[in-house]
Amino acid sequence: MSNVHLIDHPLVQHKLTLMRRKDASTNTFRRLLNELSSLMAYEVTRDMAMQEIEIETPLETMRSNVIDGKKLVFVSILRAGNGILEGMLNIVPGARVGHVGLYRDPKTLVAVEYYFKMPSEMHERDIIVVDPMLATGNSASAAVERLKELNPKSIKFVCLLTCPEGIATMQKEHPDVPIYTAAIDRQLNEHGYILPGLGDAGDRIFGTK
Ligand code: URA
């Protein structure tokens, strides 16, 4: 599991525990997700390339670091991925945002794309794909497959929770894509939900249940 990064910061773990509780309200769940997403953005951008530029302080000229290259792109896998965007954009306000919509064909179980909108010049950008739950890994893998057609500089995947099955899918199909997660849970159930998990992330974010 060399490319799986478990974010074990106490603040991340604490907030995740509060989110898992079934009695957390929509409001609480969303607020915690925002806070947690900001902390995860901090971790996943840790190795971004820097460039030294010359600036003037009120006292002197100096050389100092800024982030190098074109603005990075957060790609949300609809719809639950949208719940992660706000927290990440609080930390990287200049980032661009793309969206991928996929549904699972009920007969073939293959992920079918219904929406794909990305910023320009993706071949010059680093991509961070976001989805709270990496469960079967089928949507994540299909989204990454599609993004690779645009030949980006790099792709990383960020989720709150995953499980051995989701990791296995990604490692088989995209071993080059690092996974950042706050927890690796026990297993999937027969409906594709992560156990013990936190339930349906989209419903909990948007209050649709
Ligand atoms: N998607 C969810 O929202 N929850 C799960 O447990 C698995 C997939």
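Taken together, the values in this text are just the output of simple stated rules run on the coordinates, not laboratory data. Nothing here was measured: the structure is a model prediction, and the numbers come from that model. Quick reminder, even Gly has a Cβ in these numbers, built from the backbone with ideal geometry, and neighbours come from all protein chains shown.
Provide the FRET efficiency to the nearest 0.05 for the Asp203-Thr61 pair, computing r from the beta carbons and using R0 = 45 Å. E between Asp203 and Thr61, to the nearest 0.05, is 0.25. The simple Förster model, with R0 at 22 Å and r as the Cβ-Cβ distance, assigns Leu11 and Ile53 a FRET efficiency of 0.10.
Around the amide H of Cys163, modelled in the peptide plane, lie the amide H atoms of Asp185, all under 5 Å away and 5 or more residues distant in sequence or on another chain. Restricting the GluC sites (Glu not before Pro) of the stretch 36-95 to loop positions (DSSP other than H, G, I, E, B) with no more than 12 neighbouring Cβ atoms within 10 Å leaves Glu60. Other residues within the sphere of radius under 10 Å centred on the Cβ of Ala140, judged by their own Cβ, net out at -3 (K and R +1, D and E -1). Taken one residue at a time, the phi angles of the stretch 115-123 give Karplus couplings (6.51, -1.76, 1.60, θ = phi - 60°) of 8, 7, 9, 10, x, 6, 6, 5, 5 Hz. Gly and Pro are set to x.
Remark: relative contact order (the chain) = 22 percent; criterion is Cα-Cα distance under 8 angstrom and separation of 6 or more residues.
For the chain, find the longest principal axis of its Cα atoms and tell me its angle to the long axis of helix 138-148, 0 to 90°, nearest 10. For helix 138-148, the angle is close to 30 degrees. With Cα atoms defining each centre, the stretch 29-59 and the stretch 144-189 are spaced 22 Å apart in the structure.
Stretching Tyr115 away from Glu149 to a fully extended chain increases their span by 10.7 nm, per 0.36 nm per residue minus the current alpha-carbon distance.
As a proxy for reagent exposure, ranking Glu190, Glu121 by other Cβ atoms within 10 Å from fewest up yields Glu190, Glu121.
Give the percent of DSSP beta bridges with both residues in the chain that are antiparallel, rounded to the nearest 5. Antiparallel bridges make up about 40 percent of those DSSP assigns within the chain.
Close Lys pairs in the chain (alpha-carbon distance under 25 Å; sequence gap of 8 or more, or different chains): 19.
Computed from backbone phi with θ = phi - 60° and the Karplus coefficients 6.51, -1.76 and 1.60, the 3J(HN,Hα) list for the stretch 195-209 is 10, x, x, 9, x, 7, 4, x, 4, 6, 6, 9, x, 9, 10 Hz; x is used for glycine and proline.
Close amide-amide hydrogen proximity is noted between Tyr180 and His5, Phe157, Val158, Cys159, each under 5 Å apart and 5 or more residues distant or on a separate chain (H modeled in the peptide plane; Pro and chain starts excluded). Our compactness index for the chain, the C-alpha radius of gyration over the empirical 2.2 N^0.38 Å, is 1.06.
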